[in-house]
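Okay, so here's the structure we're looking at.
The values are calculated or read from the model by the stated rules, or taken from the named source; none is laboratory data. Since this is a predicted model, take the numbers as computed values, not measurements. Cβ atoms come from the backbone with ideal geometry, glycine included; neighbour counts cover every protein chain shown.
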Amino acid sequence: MLLLAIFLASFVIAHPTPEFIAHRAPKVLEEVTIFVPPSTYTIPRTLYARTLLLETDGDETDGNLGKLFPRTSIFPDIPIYGHEFGGFPAGAILCAGNSIPADLSATQIDLYASTDKGLTWTFVSHIASGGVAEPVNGDTPVWEPFLMLYQDEMIVYYSDQRDPDFGQKLVHQTSTDLLTWEAAVNDVAYDVFDDRPGMTTVALLPNGSYIMTYEFFGAPEASFAVYYRISDDPTAFDLAPGQVLRATDGTIPTSSPYITWSSVGGANGILAMAHYIICRTPDN
């Protein structure tokens, strides 16, 4: 599986990078293995407490901080925030992950926090609970959380199969204290039951608008084609039209998109969208 990055020119300013990260100069790394789960981990070797790595010297020799979560977890999202929120100081790290038992009988999006740069973690709150961890239409799991701070609210975006009218849709919940969460609100929900939008990520644009990317199983262009929406309000993506992301050479990326903005690349900075490509050889 290879990671392909597609770069798009943009006119944006992103949230400031925390000081303890911003001082480090970027370094280009090629074909570096970050982490390989031990062979003893339960197949598919993603059903385990997440290993945390701390990069301290700009090199690929990261140190293992330990493991996060007392329960089996997948799909973690770990943002770092530069100011106080929800009772946590500036520089605290928040992690939303999906707590899933080894028998896959349930899904639960939980929030954890660290105030010592990832050395230790504290449980904060349960955000959303769902059914069996199988991506099958008609089952009721929740998946793929993504956190973003907006004004005085924390937003958690995620994929939701609990609504019987949709195989899967994209929703969000908000909180002002990280302890209590408002009811889920739709972000992307298609009329065809079998359609499955998934894998929400969001980035701030320079004019104050926000861009959401997601994969779309059911798209006419390709299975799991990457789509995007732009909205002035990151809690109202359901009102924005969805558009397929098509590169200048006609390529349509598919599966697991992640959008972010960087100040490099010119006066307007750059939007970088990464996604997964599965490459098979004749032997596999």
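Scan region 228-248 for residues that are farther than 19 Å from L147 by Cα and free of Cβ contacts under 8 Å to residues at least 40 places away in the same chain and the total you get is 7.
Applying the selection to region 150-168, what residues are of a type outside the set (S, T, N, Q), part of a strand (DSSP E or B) and touching a Gly at 6+ places or on another chain (Cβ under 9 Å)? Steps first, answer last, please.
From region 150-168, those of a type outside the set (S, T, N, Q) are 150, 152-158, 160, 162-167; that's our starting set.
Next cut, part of a strand (DSSP E or B) only: 150, 153-158, 160.
Residues satisfying the conditions are M154, D160.
Applying the condition of being in a loop (DSSP other than H, G, I, E, B) and hydrophobic (A, V, I, L, M, F, W, C) to region 98-119 and asking which residue is farthest from V136 (Cα to Cα) yields L119.
Do you know which residues across region 93-119 are more than 24 Å from T176 (Cα to Cα) and buried (at least 19 other Cβ atoms within 10 Å of the Cβ)? Listed by number, the list holds a single entry, I100.
What number of residues within region 136-149 are loosely packed, with under 15 Cβ neighbours inside 10 Å and either part of a strand (DSSP E or B) or in contact (Cβ under 8 Å) with a residue 60 or more places away in the chain (or both)? Reasoning before the result, please.
Restricting attention to region 136-149, the residues satisfying the condition of being loosely packed, with under 15 Cβ neighbours inside 10 Å are 136-138.
Narrowing further to those that are either part of a strand (DSSP E or B) or in contact (Cβ under 8 Å) with a residue 60 or more places away in the chain (or both): 137.
Total meeting the criteria: 1.
For region 183-226, taking the residues that are assigned to a loop (DSSP other than H, G, I, E, B) and acidic (D, E), the one that is surrounded by the fewest Cβ atoms within 10 Å (Cβ to Cβ) is identified as D191.
For (1) touching a Phe, Trp or Tyr at 6+ places or on another chain (Cβ under 9 Å); (2) within 24 Å of D165 (Cβ to Cβ); (3) of a type in the set (V, I, T), each residue gets a yes or a no:
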{"site": "F193", "(1), (2), (3)": "yes, yes, no"}
{"site": "P197", "(1), (2), (3)": "yes, yes, no"}
{"site": "T201", "(1), (2), (3)": "yes, no, yes"}
{"site": "L204", "(1), (2), (3)": "yes, no, no"}
{"site": "M212", "(1), (2), (3)": "yes, yes, no"}
{"site": "G218", "(1), (2), (3)": "yes, yes, no"}
{"site": "I230", "(1), (2), (3)": "yes, no, yes"}
{"site": "T235", "(1), (2), (3)": "yes, yes, yes"}
{"site": "P241", "(1), (2), (3)": "no, yes, no"}
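When restricted to residues that are modelled with pLDDT of 90 or more, of a type in the set (S, T, N, Q) and assigned to a loop (DSSP other than H, G, I, E, B), region 227-284 contains 5.
If you check P206, P197, which single one turns out to be of a type outside the set (V, I, T), at pLDDT below 95 and at negative phi? Walk me through how you get there before you give the answer.
Numbers: P197 fails: at pLDDT below 95.
It is P206.
For (1) modelled with pLDDT of 95 or more; (2) under 25 Å from D194 (Cβ atoms), each residue gets a yes or a no:
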{"residue": "C95", "(1), (2)": "no, no"}
{"residue": "A102", "(1), (2)": "no, no"}
{"residue": "Y112", "(1), (2)": "no, no"}
{"residue": "K117", "(1), (2)": "no, no"}
{"residue": "V136", "(1), (2)": "yes, yes"}
{"residue": "M154", "(1), (2)": "yes, no"}
{"residue": "P164", "(1), (2)": "yes, yes"}
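Within region 185-217, take every residue that is among the small types (G, A, S) and touching a residue at least 40 places away in the same chain (Cβ under 8 Å) and give me the one that is farthest from D139 (Cα to Cα). Once the filter is applied, the top-ranked residue is A203.
For S129, state whether it is crowded, with 17+ Cβ neighbours inside 10 Å, of a type outside the set (V, I, T) and free of Cβ contacts under 8 Å to residues at least 40 places away in the same chain. So S129 fails the test.
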